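Data first, discussion second: the structure below is written as structure tokens.
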């Protein structure tokens, strides 16, 4: 209850995945871009859709729906890539996270955020920061740092370190 008295409003970028509303802390979001061509990298997990060139930076693109155990994201007019920062071993990694659509920037007070639910011992909810309440609707707040293990991002970094040149034959 101590946090409620501080009144520190937090801002989140909300987006949809399979009809549910999710959110990321706005200070972790670099930009939102329209879905673009993604170069598939061999021998990467299914949720790793490939890489994009973001102003000269090779950025891995992750299908958040697949990463969270949902069906694969199908490209639509609203599909976008949220360029976000993830902390791994004290280092900032930039990744692109595919979303069905981006909604809005939302202000939430600490009193509007509940801790993640405990759903038995067999289901891991460590990737959740909490459940926000907005207009009688739940907003699932993701903890991007916990959504990806060091091994996940190491795989992505390794994939991105492979040949960056395209050789046309």
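With the structure loaded, tell me whether residue 8 is part of a loop (DSSP other than H, G, I, E, B) and modelled with pLDDT under 90 or whether it fails that test.
Values: part of a loop (DSSP other than H, G, I, E, B): yes; modelled with pLDDT under 90: yes.
Against the criterion (part of a loop (DSSP other than H, G, I, E, B) and modelled with pLDDT under 90), residue 8 qualifies.
Here residue 133 meets each of (1) within 14 Å of the chain's Cα centre (by Cα); (2) over 21 Å from residue 81 (Cβ atoms); (3) at pLDDT 85 or above with one exception, condition (1).
Quick one: is residue 88 surrounded by fewer than 19 Cβ atoms within 10 Å (Cβ to Cβ), on the phi < 0 side of the Ramachandran plot, under 13 Å from the mean Cα position of the chain (by Cα) and touching a residue at least 60 places away in the same chain (Cβ under 8 Å)?
Numbers: surrounded by fewer than 19 Cβ atoms within 10 Å (Cβ to Cβ): yes; on the phi < 0 side of the Ramachandran plot: yes; under 13 Å from the mean Cα position of the chain (by Cα): no; touching a residue at least 60 places away in the same chain (Cβ under 8 Å): yes.
Taking the combined requirement at face value, the residue does not satisfy it.
Just to be sure, is residue 49 touching a residue at least 40 places away in the same chain (Cβ under 8 Å) and either outside any loop (DSSP other than H, G, I, E, B) or farther than 22 Å from residue 137 by Cβ (or both)? Judged against the criteria, residue 49 is a match.
Scanning the stretch 49-78 for residues that are in contact with a helix residue (DSSP H, G or I) (Cβ under 7 Å, 6 or more places away or on another chain), under 18 Å from residue 18 (Cα atoms) and crowded, with 17+ Cβ neighbours inside 10 Å yields 67, 73. Could you list all residues from the stretch 30-43 that are surrounded by fewer than 20 Cβ atoms within 10 Å (Cβ to Cβ), in contact with a strand residue (DSSP E or B) (Cβ under 9 Å, 6 or more places away or on another chain) and assigned to a loop (DSSP other than H, G, I, E, B)? Result: 35, 36, 37, 38, 40. Residues in the stretch 20-29 that are surrounded by 13 or more Cβ atoms within 10 Å (Cβ to Cβ) and more than 12 Å from the chain's Cα centre (by Cα): 20, 21.
The values are calculated or read from the model by the stated rules, or taken from the named source; none is laboratory data. Computed from a predicted model, the values in this text were never measured in an experiment. Backbone-built Cβ (ideal geometry, glycine too); neighbour counts: all protein chains shown.
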